[in-house]
Amino acid sequence: MMTPYRDTGHLTASQKKYNTIHAKSRAFIERAFGRLKGKFRRLKYLEVNDITGVTDIVCAACVLHNFILTYEPDNLYSRQQQEDIEIDENLSASEKRLLITNYIS
């Protein structure tokens, strides 16, 4: 999980932009989970004892949701293509955050 830069009053413009996008992304993810729970109401009441089971369930729900959106006749969502960014898994969290900050600037 990526964390925002701590605002001590000395953030650069790029760091402020990263924090803004981070906050918007978090809100977007929270809304996405809300939509999944609304579409698949059983998700609200699942009791999962194994954390790997949680990731499998969320992934499956996302796949099903996207399948429905793809083949739904009255699709309200635009299908935008976005450029991907590749991040080396061996980087530290701070290095990853800096890479994303530079990418969005």
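The values are calculated or read from the model by the stated rules, or taken from the named source; none is laboratory data. Worth saying up front: this structure is predicted, and the values here are computed from it rather than measured. Note: areas computed on protein heavy atoms with side chains; ligands, DNA, RNA excluded. Shrake-Rupley method; radii C 1.70, N 1.55, O 1.52, S 1.80 Å.
Of everything listed in (1) open to solvent by less than 90 Å² (accessible area, probe 1.4 Å); (2) within 22 Å of Met1 (Cα to Cα); (3) among the charged types (D, E, K, R), the single unmet condition for Arg26 is (1). Looking across region 62-105 at every residue that is under 22 Å from Glu30 (Cα atoms) and of a type in the set (Phe, Trp, Tyr), the one that is modelled with the highest pLDDT is identified as Phe67.
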